[in-house]
Amino acid sequence: MASPRMSSRASAYSALLPAFIVLAVVYIGSTVWTMWMSLTGSRMLPNNNFVGLRNYEILFSNDRWITSVHNLAFFGVLFVAISLALGFLLAVAIDQKVRSEDSWRSVYLYPYSMSFVVTGLVWQWLLNPTLGIQKLVRDMGFETFTFDWIAHAETVLYCLVIAGVWHAAGLVMAIMLAGLRGVDEDIWKAARVDGLPTWRVYASVVTPMLGASFATAGVLLSTSVVRLYDLSVAMTRGGPGIASEVPAKFVMDHLFERANISLATAAATSMLITVIAVVAPYMYWRTRVAARGRA
Amino acid sequence: MTMKALTAVAAVMAAMSIPAMSIPAIAQDNKAEVIHWWTSGGESAAVKVFADQFGKAGGAWVDSAVAGGVNARTAAINRTIAGNPPAAMQFNTGKQFDELVEGGLLTDIDAVATANNWKANLPQALIDATTRQGKMFAAPVNIHGQNWLFYNKELLAKVGAKEPRNWDEAIEALDKIKASGAIPLAFSGAKNWERLLFNAVLVDKGGPAIWSAFWAKRDPAVLKSPELRKAADTYKKLKDYTDPGASSRVWNDATGLVIQGKAGMQIMGDWAKGEFSAAGKAPEKDYGCVILASGSHGFIFGGDVFAFPKLKDANAAKAQALLAKTMLDPAAQIEFSLKKGSLPARLDVDASRLDACAQKGMKYVLDKNQQLPSDVMLAPPAVWGAIEDVISQFWNTAMTSEQFIDKLAVAFKQNQ
């Protein structure tokens with residue numbers, strides 16, 4: 001008698017089957033193959049000569065890889081923190097019932113409609129000391145003005161952060177604004193009755209209520225940190241030297257131009273393991289919280 | 001991933017230009033699809049020489065231009081592995097196709113080479129660079145000199161400097177240009193140009209022996225030599241003669257600075273001549289070209305080759321042989337070189353039509369002692385890439401020559 005239920009379950013599974021096969025072959029299959037390649041001596045063409053962990057030894061004594069990883073951490077922390085802070089402040093500013101709010105929103109969100117390649121090129125020109133901001137200010141009469149961060153290995157990462165924040169702050173603003181609009185009017189009324197200054201309400205009452213918005217924006221920003229590639233390519237080509245190299249670029253360069261599949265896949269595998277190491281405890285914690293919620 | 005999307009768009013656009021370039025299919029049997037990356041104005045005019053000649057010889061050239069060398073090679077290699085290879089694919093002269101030969105994916109063109117007497121008429125270095133397991137596996141179509149110094153004649157005369165013959169003299173000239181307020185050395189900051197400049201210094205300070213010990217043998221002993229130390233010191237010193245805008249400049253903008261007289265000189269391959277010509281400047285009149293070499297030996301040359309994947313169809317194999325023959329035909333060689341700005345790979349061509357700088361270059365090519373195969377001819381991509389990273393770090397940071405040499409030692413060891 002259970003047959004109607006069984007058949008509906010069976011049809012559900014059969015409907016999912018193609019997606020499952022794609023997942024198994026494309027994602028899991030490719031991931032496993034990538035991991036295997038990283039243990040071989042493959043150069044331009046894949047081969048199956050097992051060399052153990054030698055590629056990882058080379059990888060972790062490679063200055064460019066170490067620099068790439070440091071750069072990603074440095075960029076990631078600054079980019080996420082500044083984008084969140086700036087996006088939140090923009091949202092608060094727009095939330096003050098400013099005139100022509102729609103236009104402001106569009107203006108701030110506009111950079112996000114551009115790709116990282118375009119963003120990178122625009123900022124490369126702006127930051128170029130002989131073409132951009134430095135030249136403009138000098139031409140206005142400030143002969144000693146210097147803004148050549150992009151030309152120096154020590155400061156070039158800040159340039160990437162500037163361009164990244166310019167690109168992403170609008171998105172954060174949109175998410176935060178949606179969150180702010182969801183705050184109950186009564187809370188504001190209550191705060192006014194208590195005579196709290198507006199900034200205090202934002203800082204102590206509203207911000208904690210925006211936890212979900214911060215989490216959403218944070219996750220979105222973090223994914224763009226991990227796959228950071230085009231910004232570095234378009235803006236600095238990883239330079240000066242190797243100062244703005246990032247892991248994804250390391251993988252791409254070694255996969256193709258350098259014809260070093262095994263080192264590229266070792267780098268890709270290391271990235272995957274790092275991401276899993278960060279995400280897995282978080283997922284575990286989430287399931288624990290969810291389980292407790294159900295109990 | 002946007003970059004990939006761009007590449008895909010470029011590839012599609014290139015593919016769409018096929019009808020415009022290909023010859024009407026008179027001879028279907030002799031159809032040959034060629035993947036190459038010559039997409040700029042002068043380059044596509046040059047490649048059209050081959051297409052036209054091939055058409056006249058009874059073939060049908062199917063053009064598959066893919067913008068960017070890496071993209072073109074990746075596309076060609078992927079198709080070859082997948083079993084759907086083009087008739088011919090472009091590589092830089094060097095080791096880029098080694099693994100295809102080892103995998104048995106390329107067909108050798110030794111018969112064509114013998115029938116057309118290539119081996120007597122090509123520089124030995126090019127024969128070596130295309131021969132694997134005793135057979136020629138690629139057709140070298142041109143030669144690019146890589147360590148040319150191009151300079152603005154008017155500016156050098158104005159500051160009272162004469163044409164330098166080696167780096168010591170060049171630095172004297174650079175000092176004079178610096179004093180005049182112009183940018184002494186026009187530079188474009190990318191890893192490959194940083195390597196190119198280092199190579200130009202290494203050849204001058206080290207000569208052929210050190211060159212080959214460094215790039216071909218990667219012998220750790222070369223790192224202890226005083227010549228390498230001198231090259232490192234000189235190279236680092238050159239940074240002081242570049243301007244802050246160099247780091248994000250592209251190479252042709254740097255050439256533009258020399259053309260306009262805003263900068264004195266640039267080290268670049270002979271492809272830079274295209275920029276001078278486009279600006280209406282004449283070689284050895286408006287701009288000078290010279291190879292810096294203390295020992296008077298050292299013309300670094302690379303170039304392009306076409307390799308021919310194994311095809312099942314016997315007719316297609318015939319078309320490949322015809323294509324190889326056409327590309328190295330003396331008349332096609334000279335026409336191609338004039339458009340491309342390179343030197344012909346064949347030595348038995350009439351060089352009188354080449355420009356003044358190319359004629360200088362031909363003299364180097366004809367002299368066996370001058371021929372230094374480029375770094376990419378001597379080392380596989382994984383190896384020169386690792387060394388390039390070290391050179392680039394040295395150029396762009398406060399690294400000392402000692403630290404540089406230590407890091408080179410690590411790169412040598414990891415890539416033995």
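What follows draws every value from the coordinates through simple rules; no lab data is involved. Every value quoted in this text rests on a predicted model; they were computed, and no experiment measured them. Note that each Cβ is placed from the backbone with ideal geometry, even for glycine, and that neighbours are counted across all protein chains shown.
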No Cys partner within the rule (Cβ under 4.7 Å), the protein assembly as shown: A:Cys159
Potential extension, B:Ala221-B:Ala82 segment - 0.36 nm per residue separation minus Cα distance: 45.7 nm
Per-residue HN-Hα couplings for the stretch A:163-180 [Karplus 6.51, -1.76, 1.60; θ = phi - 60°; Hz; x = Gly/Pro]: 5, x, 5, 4, 6, 9, 4, x, 5, 4, 4, 4, 5, 5, 5, 4, x, 4
The stretch A:65-294 - convex hull of the alpha-carbon atoms, volume per residue in Å³: 170 Å³
Under 5 Å, built H, 5+ apart or other chain: amide partners of B:Ala138: B:Ile109
Contact order relative to length of chain B, as percent, for alpha carbon pairs under 8 angstrom and 6 or more apart: 25 percent
Sites A:Ala93 and A:Val32 - FRET efficiency at Förster radius 45 Å, r taken between beta-carbons, to 0.05: 0.40
Two-site FRET efficiency, B:Asn117 against B:Lys363, from Cβ-Cβ distance with R₀ of 25 Å, rounded to 0.05: 0.65
Tail fraction, Cα-Cα pairs, the stretch B:102-158, threshold 18 Å, whole percent: 48 percent
Shielding by other protein chains, B:385-398, mean Cβ within 10 Å: 5
Which of A:His152, A:His254 has the fewest Cβ neighbours within 10 Å, and the rest in rising order: A:His152, A:His254
Approximate spin-label separation B:Thr131-A:Val25, in nm, with each point projected 7 Å along Cα-to-Cβ: 4.7 nm
Pair A:Glu101, A:Thr216: separation of 7 Å Cα→Cβ label points (nm): 1.6 nm
Two-site label geometry, A:Lys189 and B:Arg353: point separation in nm, points 7 Å out along Cα→Cβ: 9.1 nm
Under 5 Å, built H, 5+ apart or other chain: amide partners of B:Lys281: none
Over the protein assembly as shown - Rg/Rh using Cα atoms and the Kirkwood inverse-distance radius: 1.02
Segment B:Ala409-B:Ala57, extension gain: residue separation times 0.36 nm, minus the distance between their alpha carbons: 121.5 nm
Ranking of B:Leu105, B:Leu292 by count of other Cβ atoms within 10 Å, fewest first: B:Leu105, B:Leu292
Beta bridges by DSSP in chain B, antiparallel share as percent, to the nearest 5: 60 percent
Given B:Lys135/B:Lys318; B:Lys340/B:Lys407; B:Lys31/B:Lys340, the pairs whose alpha carbons are separated by over 30 Å: B:Lys340/B:Lys407
Mean Cα-pair separation over length for the stretch A:65-294, i.e. relative contact order, pairs under 8 Å, 6 or more apart, %: 29 percent
Hydrodynamic radius of the stretch B:68-180 per Kirkwood, over alpha carbon pairs, in Å: 17.7 Å
20 Å Cα-Cα reach of B:Lys158 towards lysines, excluding residues that sit fewer than 8 places from it in its own chain: B:Lys176, B:Lys178, B:Lys262, B:Lys281, B:Lys285
R0 of 30 Å, Cβ-Cβ distance A:Thr274-A:Ser113: FRET efficiency to nearest 0.05: 0.50
Rounded to the nearest 20 debye, dipole of chain B from Cβ charges on Lys, Arg, Asp, Glu: 120 debye
Under Karplus coefficients 6.51, -1.76 and 1.60, residue-wise ³J(HN,Hα) of the stretch B:242-254 in Hz, glycine/proline x: 9, 9, x, x, 4, 4, 10, 8, 8, 4, 6, 5, 5
Peptide B:324-331, shielding by other chains (average Cβ, 10 Å cutoff): 0
Global size of chain B as Cα Rg and Dmax, reported in angstrom: 21.5, 66
Relative contact order computed over the stretch B:211-347 (Cα-Cα under 8 Å; 6+ residues apart), in percent: 15 percent
Per-residue ³J(HN,Hα) for the stretch B:341-350, Karplus 6.51 cos²θ - 1.76 cosθ + 1.60, θ = phi - 60°, Hz, x for Gly and Pro: x, 9, 9, x, 6, 7, 8, 9, 10, 7
Helix-only CD estimate at 222 nm, as mean residue ellipticity for chain B, using -39500 (n - 2.57) per DSSP H run (n ≥ 4): -15000 deg cm²/dmol
